[in-house]
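Undergrad: Below you'll find the structure I mean.
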Amino acid sequence: MYPANTVVTDVLLGKRTSRTPVWLMRQAGRVLSEYRKVREDAGSFKKMVTTPELACEVTIQPVDILGVDAAIIFSDILVVPEAMGLRYEMEENRGPVFPRRIDSANDLRDLHIAQAEELSYVMDAIALTKRELNGRVPLIGFAGAPWTIFAYMVEGSGSKTFSRARRMLYREPELAHHLLDMITASTVNYLKGQVKAGADLIQIFDSWAGVLGPDQYDEFSLKYIRRICDEVTGVPRIVFPKGAFFARRGLNDVNCEAVGLDWNMDIRESRQLMPDKVLQGNLDPCALYATRDDIRKATIKMLEAFGPDKHIANLGHGLYPDTEVDSVRCFVDTVKEYSEKVRGRK
Ligand code: CP3
């Protein structure tokens, strides 16, 4: 039996903790040789995502290997559009691709609002992982923000500019809102299902927030994130609006406990703009390519800027696959050791 580690949920609930909690976006993935082994045996990414035993195994790996304070369920944000009727494929070295994409009102006829039962493999993976974790650390559920999911559904793949998706906002805003509405309803069902299955907190990934301007962000993204946060209750919620520095003031009154910062966002300025929120982040993932000594320094500098309270340490975006495991450990250990020392002095 391991003692229960609840530092992540404690900080989110406003309780005092002995130190700053730490986990990493993309902590379950290619940086771990143990992950690559499971991935090779499984044969494909989707096979792992749809097999609860495999998803459970790689979800727990970083808890054992890296010592992080939370597990995040191994899945992908693109399972939601798939459940709505738009299948995706994960291509090696290219990322996700949709064989069919959404271009016109006609294409919406093949879509439906997804129910949690259509993603039962995720719910089973969550329930199994909760049993296996046995209270060691909280389990994070997640979904993409409607705008980010919309961007993939309209674009058909990743993109530098998402200009096809953004074109729809200008040319056919009603169609865009119709699709965003369907994605939002599906996401609410999905996240409620995850909470019912045992997720202890949830994170909403708005990875492509930064390609919109402030007015469009309010209209086509933040509005729908607000709806999700108003409807999915009972667990703490973290919103990660990558690149949307202009939206920080507005995010302070979204019904969520925490906001994730990317590394472009100034920490002290973010505190002023979002005084009511726990902040998560925000070390540049590339900082982990530096020497151990410099990783330590950069991590301490980040911790000092956030201060000891209302902070969950993380990177400013997901781990890059070629990061050395020992460098990740150095980040995790520095957060734990330094923040514990600071607390001890207070
Ligand atoms: O964080 C975790 O450890 C949990 C697992 C997780 C994955 N994807 C696994 C994954 C999470 C939380 C995601 C979310 C996700 N997926 C996002 C939002 C976060 C972000 O990074 O902005 C996005 C945009 C996607 C879509 C996606 N999935 C892309 C663009 C790619 C290709 C790029 C890449 O990193 O390979 C994926 C593939 C993917 N999702 C992998 C993993 C581990 C790599 C696939 C593999 O191992 O073969």
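The values are calculated or read from the model by the stated rules, or taken from the named source; none is laboratory data. Only a predicted model underlies this, so the values are computations on that prediction, with no experimental measurement involved. Because the Cβ atoms are built from the backbone with ideal geometry, glycine has one as well, and the counts that use them run over all protein chains shown. Accessible surface areas use protein heavy atoms only, side chains included; no ligands, DNA or RNA. Shrake-Rupley method; radii C 1.70, N 1.55, O 1.52, S 1.80 Å.
Undergrad: Can you pull out the residues in region 183-204 that are in contact with a Pro (Cβ under 9 Å, 6 or more places away or on another chain) and either more than 17 Å from residue 156 (Cβ to Cβ) or small (Gly, Ala, Ser) (or both)? Steps first, answer last, please.
TA: First pass over region 183-204, keeping only residues in contact with a Pro (Cβ under 9 Å, 6 or more places away or on another chain): 183-184, 186-187, 199-202, 204.
Selection gives 184, 186, 187, 199, 200, 201, 202, 204.
Undergrad: Moving on to the next point. Go through region 91-110 residue by residue and tally those that are open to solvent by less than 60 Å² (accessible area, probe 1.4 Å) and within 11 Å of the ligand (Cβ to nearest atom). Break it down stepwise before answering.
TA: Of region 91-110, the ones open to solvent by less than 60 Å² (accessible area, probe 1.4 Å) are 95-98, 102, 104, 107-108.
Subsequent filtering for residues that are within 11 Å of the ligand (Cβ to nearest atom) retains 95-97.
Residues that pass the stated criteria total 3.
Undergrad: Within region 1-46, restricting attention to residues that are acidic (Asp, Glu) and surrounded by 13 or more Cβ atoms within 10 Å (Cβ to Cβ), which residue is nearest to the ligand (Cβ to nearest atom)? Quick ask: steps written out before the conclusion?
TA: Step one: of region 1-46, the residues acidic (Asp, Glu) are 10, 34, 40-41.
Adding the requirement that they be surrounded by 13 or more Cβ atoms within 10 Å (Cβ to Cβ) leaves 10, 34.
On the way: 10: 21, 34: 13 Å.
Out of the qualifying residues, it is 34.
Undergrad: Another question, if that's okay. Condition first: among the aliphatic types (A, V, I, L, M) and either within 12 Å of the ligand (Cβ to nearest atom) or touching a helix residue (DSSP H, G or I) at 6+ places or on another chain (Cβ under 6 Å) (or both). Now tell me which residues in region 47-65 satisfy that.
TA: So in region 47-65, the residues among the aliphatic types (A, V, I, L, M) come out as 48-49, 54-55, 58, 60, 63, 65.
Matches in region 47-65: 48, 49, 54, 55, 58, 60, 63.
Undergrad: If I ask for residues that are hydrophobic (A, V, I, L, M, F, W, C), buried (at least 16 other Cβ atoms within 10 Å of the Cβ), out of contact with any strand residue (DSSP E or B) (no Cβ under 8 Å at 6 or more places or on another chain) and within 12 Å of residue 292 (Cα to Cα), which ones from region 316-337 would you list?
TA: Of all residues in region 316-337, those hydrophobic (A, V, I, L, M, F, W, C) come to 319, 325, 328, 330-332, 335.
If we keep only those that are buried (at least 16 other Cβ atoms within 10 Å of the Cβ) as well, we get 319, 328, 330-332, 335.
Still in the running and out of contact with any strand residue (DSSP E or B) (no Cβ under 8 Å at 6 or more places or on another chain): 319, 328, 330.
Result: 328, 330.
Undergrad: What helices (runs of 4 or more DSSP H) lie completely within region 238-346 and have 2 or more residues being modelled with pLDDT of 95 or more and under 30 Å from residue 212 (Cβ atoms)? Talk me through it step by step, then tell me what you get.
TA: Numbers: elements: 248-251, 267-273, 292-306, 325-345.
Counting at least 2 such residues, we get 248-251, 267-273, 292-306.
Undergrad: Looking only at region 47-64, count every residue that is crowded, with 18+ Cβ neighbours inside 10 Å and either touching a residue at least 60 places away in the same chain (Cβ under 8 Å) or outside any helix (DSSP H, G or I) (or both) and tell me the total. Before the answer, list the steps.
TA: Taking region 47-64 first, the residues crowded, with 18+ Cβ neighbours inside 10 Å are 48-50, 52, 54-63.
Those left that are additionally either touching a residue at least 60 places away in the same chain (Cβ under 8 Å) or outside any helix (DSSP H, G or I) (or both): 49-50, 52, 55-56, 59-60, 63.
Looking only at that region, the number is 8.
Undergrad: Residue under question is residue 127, and the condition is that it be under 30 Å from residue 20 (Cα atoms) and either without any contact (Cβ under 8 Å) to a residue 60 or more places away in the chain or touching a Ser or Thr at 6+ places or on another chain (Cβ under 7 Å) (or both); does it hold? Break it down into steps so the answer makes sense when it comes.
TA: Values: under 30 Å from residue 20 (Cα atoms): yes; either without any contact (Cβ under 8 Å) to a residue 60 or more places away in the chain or touching a Ser or Thr at 6+ places or on another chain (Cβ under 7 Å) (or both): no.
No: the conditions fail for residue 127.
Undergrad: Looking only at residues in region 171-184 that are within 14 Å of residue 221 (Cα to Cα) and open to solvent by less than 30 Å² (accessible area, probe 1.4 Å), which one is farthest from the chain's Cα centre (by Cα)?
TA: 176
Undergrad: Among 200, 206, 262, which is open to solvent by 30 Å² or more (accessible area, probe 1.4 Å), within 16 Å of the ligand (Cβ to nearest atom), in contact with a Lys or Arg (Cβ under 9 Å, 6 or more places away or on another chain) and among the acidic types (Asp, Glu)? Before the answer, list the steps.
TA: On the way: 206 fails: open to solvent by 30 Å² or more (accessible area, probe 1.4 Å); 262 fails: open to solvent by 30 Å² or more (accessible area, probe 1.4 Å).
When all the criteria are applied, what remains is 200.
Undergrad: Residue 75 - would you say it is within 13 Å of the ligand (Cβ to nearest atom), open to solvent by less than 20 Å² (accessible area, probe 1.4 Å) and of a type in the set (Ser, Thr, Tyr)? So that I can check it myself, show each step before the final result.
TA: On the way: within 13 Å of the ligand (Cβ to nearest atom): yes; open to solvent by less than 20 Å² (accessible area, probe 1.4 Å): yes; of a type in the set (Ser, Thr, Tyr): yes.
For residue 75, the condition - within 13 Å of the ligand (Cβ to nearest atom), open to solvent by less than 20 Å² (accessible area, probe 1.4 Å) and of a type in the set (Ser, Thr, Tyr) - is met.
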